[in-house]
Amino acid sequence: MILKINVISILLGIALFTAGCTKEKKSEPVDYVNPYMGNISHLLVPTYPTIHLTNSFLRVYPQRHDYTGDLLHGLPVVVTSHRGSSAFNLSPVAGIPDNFRSVYDYSYDLEEITPYDYSVFLDEQGIDIKMAVSHQSALYQISFPKKESASLVVNTANGSLKWDGKAITGFQQLQNNTRVFIYLEPEIKPQNVTLPDGEGLITRETKLTGENVAMVMHFNNLWNPLNIRYGISFIDASQASRNVKREIADFDIDKLRTKGRKTWNKALGKLKIKGGTLDQKSVFYTSLYRTYERPVCISEDGRYFSAFDGEVHSDKGVPFYTDDWIWDTYRATHPLRVLIEPEMEEDIIRSFLRMAEQMDHFWMPTFPEITGDSRRMNSNHGVATVIDAYRKGLTGFDLKKAYQACKNAITEKTLAPWSAKPAGELDRFYQEHGYIPALKDDEEEYIPEVHSFERRQPVAVTLGTAYDEWCLAQIAQELNYREQYMHFIDRALNYRHLFHPQTHFFHPRDSAGLFIEPFDYVFSGGQGARQYYGENNAWVYRWDVPHNVKDLIDMMGGPEAFDENLDSMFAAPLGKSKYSFYAQLPDHTGNVGQFSMANEPSLHIPYLYNYAGTPWKTQKRIRNLLNQWFRNDLMGVPGDEDGGGMSAFVVFSQLGFYPVSPGLPVYNIGSPVFAESEVKLGNGHTFRVETENYDPDHKFIQSATLNGESWEKPWFSHEELMQGGILKLTMGKYPNKYWGARRTYAPPSFKWNETP
């Protein structure tokens with residue numbers, strides 16, 4: 001009996017030891033990424049479980065109605081936008097049907113997705129699918145049931161396909177005369193290639209062109225998995241062939257997976273964290289993974305097709321990037337890239353300048369996509385990416401040329417949202433009066449530049465343009481253009497024209513200068529509040545002066561009033577039922593009171609308490625927002641993530657600091673989620689945030705040191721960060737309301753250096 005007990009004890013000890021080792025086993029950064037996070041939207045567009053390598057133009061995700069969709073629509077080949085459907089589809093078929101369909105819908109199970117590979121089981125067909133990606137090519141491994149005939153249908157919704165005896169080549173037509181080309185090669189040559197109806201044997205001379213065309217490759221007696229490699233190109237099919245042969249020399253899917261995993265770990269490993277829960281680590285690395293989804297490099301062997309002029313260009317050794325929604329990515333995604341991918345950020349800005357040169361007008365782009373600049377949203381925030389990068393030491397682009405492109409975009413192009421037209425009557429009014437005039441409810445729109453659905457958005461445009469002109473002034477200062485600096489620094493105060501002195505909101509005015517009355521700061525403005533604001537209501541745009549928070553505080557009556565107004569935002573009720581509120585304001589989700597965590601104009605707002613002498617409220621609010629709205633689950637993203645725009649806010653905020661005002665090279669301190677974090681900077685230095693007295697519930701800063709020196713300010717400069725070193729924060733369960741509270745400790749506003 002004693003022997004048995006001892007044996008049992010030994011075995012139990014071994015089991016406990018093994019379990020402990022398993023629990024302590026360290027995962028690599030990519031293992032924390034959950035591509036499913038946010039795949040079910042709270043209301044509008046969800047995230048997509050995208051398989052891709054960092055900033056690569058080959059991006060893939062399962063084609064289904066949404067995450068809960070019961071059927072896969074074929075196997076995807078490439079998505080040309082993070083919200084697009086797949087260009088080309090593959091449909092494996094087991095057995096011999098009477099007729100083949102162009103694309104098959106599959107019942108599926110056992111789906112697994114990582115950033116670099118994909119697997120799924122097509123249960124009714126009994127087919128196992130594995131897939132791995134490279135930058136411009138990918139490899140599918142398809143395991144059919146044994147002793148079954150096997151076929152593969154290749155489809156394009158609108159384009160052309162051709163079989164050359166070894167591979168299928170072709171293209172799919174996109175918008176704006178843009179085409180995506182394919183070269184798809186099976187490892188085993190098919191017995192024959194036919195049309196879907198089985199008739200008409202396809203030969204080298206057969207070329208199919210039109211809508212929803214397809215070819216079927218037939219294979220018999222496949223005892224081993226069928227491997228298929230393919231490359232894509234925006235230049236031509238020959239380049240697609242070169243891309244796949246350069247990146248995937250053989251048909252070894254395990255080798256490709258290993259390479260992709262290494263690529264992701266190298267990128268994600270530039271930020272290291274210790275402490276925190278498994279879910280917090282997953283939220284962090286998943287958010288960082290999302291920031292590498294856009295923009296994408298479309299250079300192919302030193303050439304690229306530009307939809308901005310419809311031509312193929314030499315990149316002259318500088319990679320060309322596009323698909324960047326600057327309206328939201330300027331806020332945090334670009335500033336994050338300045339820190340950890342500075343060479344890429346310089347190449348991106350140089351790409352913007354190439355786009356400006358290639359378009360009909362030398363205007364900085366606003367929403368550059370694969371198919372050209374869609375000019376979506378409002379304002380021209382490319383100027384912010386330029387000055388923020390330059391002020392932070394990135395000088396590998398022509399600042400004079402950038403200034404001219406930005407200036408032209410703001411002064412020559414109309415300021416009307418979602419429009420690429422030249423400036424008109426609305427813009428002349430703005431130049432003369434310093435604000436965009438609003439229409440009353442009973443007035444009909446007559447300005448031809450104004451989008452019929454998006455409307456004028458006069459408050460949003462006035463505030464956004466004031467910030468853009470502040471950015472222009474900063475570039476003029478760097479170039480020592482004194483006269484232009486004085487012109488634009490004065491116009492950077494144009495937001496004052498819409499500030500209501502009694503209500504302390506930014507309030508639309510008509511062309512006579514009268515405030516629009518009656519007015520409701522929650523619901524006036526129609527669908528999406530677009531008649532006056534844009535996607536968000538007046539409560540969010542109340543704080544849209546990131547370049548001059550000090551002045552906003554003064555206009556509201558001082559720090560105490562500013563602080564109370566911030567508090568009131570988070571406490572204000574929706575004002576109607578959720579059904580009615582979101583029916584009118586579907587982008588204004590992720591609510592805490594009237595604050596919207598789900599839309600990018602809100603991202604800086606929780607940090608504004610630092611300017612009012614109550615940084616403990618920033619610490620509380622940031623931690624609460626992260627816990628409430630960003631979770632490691634299917635609904636873990638509160639709104640339209642936009643391929644990195646919102647995720648960069650999460651990355652910065654979990655690290656413990658945030659760039660409130662791109663163009664001012666400073667960072668506001670929040671409340672770090674992790675015990676330690678490390679940022680590997682592009683200059684070779686390392687910046688660390690360390691906490692003492694760490695506990696998940698300890699969200700409040702008690703004291704701080706920067707490189708061993710006592711630190712009382714709730715902010716630090718980019719220069720201090722780039723020198724490397726350690727920001728050490730002593731944390732506690734209850735707030736220290738004195739740390740960082742002096743008004744003289746508030747972060748800088750408006751001016752960084754003296755005027756030239």
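The values are calculated or read from the model by the stated rules, or taken from the named source; none is laboratory data. Only a predicted model underlies this, so the values are computations on that prediction, with no experimental measurement involved. All Cβ positions, glycine included, derive from the backbone under ideal geometry; neighbour counts span all protein chains shown.
Scanning region 605-645 for residues that are under 27 Å from residue 551 (Cβ atoms) and assigned to a loop (DSSP other than H, G, I, E, B) turns up 613, 614, 645. Kindly establish whether residue 245 is surrounded by fewer than 17 Cβ atoms within 10 Å (Cβ to Cβ), more than 28 Å from residue 29 (Cα to Cα), without any contact (Cβ under 8 Å) to a residue 24 or more places away in the chain and in contact with a strand residue (DSSP E or B) (Cβ under 8 Å, 6 or more places away or on another chain). Considered against the rule, which asks whether it is surrounded by fewer than 17 Cβ atoms within 10 Å (Cβ to Cβ), more than 28 Å from residue 29 (Cα to Cα), without any contact (Cβ under 8 Å) to a residue 24 or more places away in the chain and in contact with a strand residue (DSSP E or B) (Cβ under 8 Å, 6 or more places away or on another chain), residue 245 comes out as yes. Just so you know, in region 109-129 the residues that are under 16 Å from residue 35 (Cβ atoms) and not hydrophobic (A, V, I, L, M, F, W, C) include one that is nearest to the chain's Cα centre (by Cα), and it is 115.
Take residue 312 and decide whether it is more than 24 Å from residue 644 (Cβ to Cβ), in the same structural domain as residue 676 (by TED's automatic domain parsing) and not in a helix (DSSP H, G or I).
Yes, satisfied.
Of the set (1) of a type in the set (A, V, I, L, M, F, W, C); (2) in contact (Cβ under 8 Å) with a residue 40 or more places away in the chain; (3) within 18 Å of residue 75 (Cβ to Cβ), all apply to residue 121 but (2).
Each row is one residue, and each column tells you yes or no for (1) in contact with a Pro (Cβ under 9 Å, 6 or more places away or on another chain); (2) at pLDDT 95 or above; (3) hydrophobic (A, V, I, L, M, F, W, C).
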site	(1), (2), (3)
129	yes, yes, yes
143	yes, yes, no
147	no, no, no
162	no, yes, no
172	no, yes, no
177	no, no, no
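Return only the number of the condition from (1) within 30 Å of residue 682 (Cβ to Cβ); (2) part of a helix (DSSP H, G or I); (3) touching a Leu at 6+ places or on another chain (Cβ under 8 Å); (4) not aliphatic (A, V, I, L, M) that residue 467 does not satisfy. So residue 467 meets the others, but not (3). The residues of region 7-35 that are outside any helix (DSSP H, G or I) and at pLDDT 95 or above, listed by number, are 28, 33, 34, 35.
Here is the figure for region 444-469: residues that are touching a Gly at 6+ places or on another chain (Cβ under 7 Å) and closer than 17 Å to residue 411 by Cβ total 1. For region 364-418, what are the residues that are over 21 Å from residue 346 (Cβ atoms), touching a strand residue (DSSP E or B) at 6+ places or on another chain (Cβ under 7 Å) and without any contact (Cβ under 8 Å) to a residue 60 or more places away in the chain? Passing the criteria: 412, 413, 414.
Residue under question is residue 363, and the condition is that it be assigned to a loop (DSSP other than H, G, I, E, B) and assigned by TED's automatic domain parsing to the domain that holds residue 411; does it hold? Full working, then the answer.
On the way: assigned to a loop (DSSP other than H, G, I, E, B): yes; assigned by TED's automatic domain parsing to the domain that holds residue 411: yes.
Judged against the criteria, residue 363 is a match.
Only one residue in 492, 512 is touching a helix residue (DSSP H, G or I) at 6+ places or on another chain (Cβ under 9 Å) and either at pLDDT 95 or above or not charged (D, E, K, R) (or both), so which one is that?
Testing whether each residue is touching a helix residue (DSSP H, G or I) at 6+ places or on another chain (Cβ under 9 Å) and either at pLDDT 95 or above or not charged (D, E, K, R) (or both) leaves just 492.
Does region 190-201 contain any residue that is in contact with a Leu (Cβ under 7 Å, 6 or more places away or on another chain), among the hydroxyl-bearing types (Ser, Thr, Tyr) and outside the structural domain of residue 319 (by TED's automatic domain parsing)? Yes, that holds for at least one residue. Scanning region 644-655 for residues that are within 27 Å of residue 392 (Cα to Cα), among the β-branched types (Val, Ile, Thr) and in contact with a helix residue (DSSP H, G or I) (Cβ under 9 Å, 6 or more places away or on another chain) turns up at least one hit.
Within region 684-729, track down each residue that is of a type outside the set (A, V, I, L, M, F, W, C) and touching a His at 6+ places or on another chain (Cβ under 9 Å). Within region 684-729, 691, 723, 724, 725 meet the criteria. Hey, can you tell me all the residues within region 403-430 that are surrounded by 20 or more Cβ atoms within 10 Å (Cβ to Cβ) and in a helix (DSSP H, G or I)? 403, 405, 406, 407, 409, 410, 426, 427, 430, listed by residue number. Residue count for region 454-480, restricted to those that are surrounded by fewer than 20 Cβ atoms within 10 Å (Cβ to Cβ) and out of contact with any Phe, Trp or Tyr (no Cβ under 8 Å at 6 or more places or on another chain): 1.
Of all residues in region 646-668, those being assigned to a helix (DSSP H, G or I) and touching a Pro at 6+ places or on another chain (Cβ under 9 Å) number 5.
I need the full set of residues from region 431-459 which are within 27 Å of residue 360 (Cα to Cα), touching a residue at least 60 places away in the same chain (Cβ under 8 Å) and assigned to a helix (DSSP H, G or I), in order please.
458
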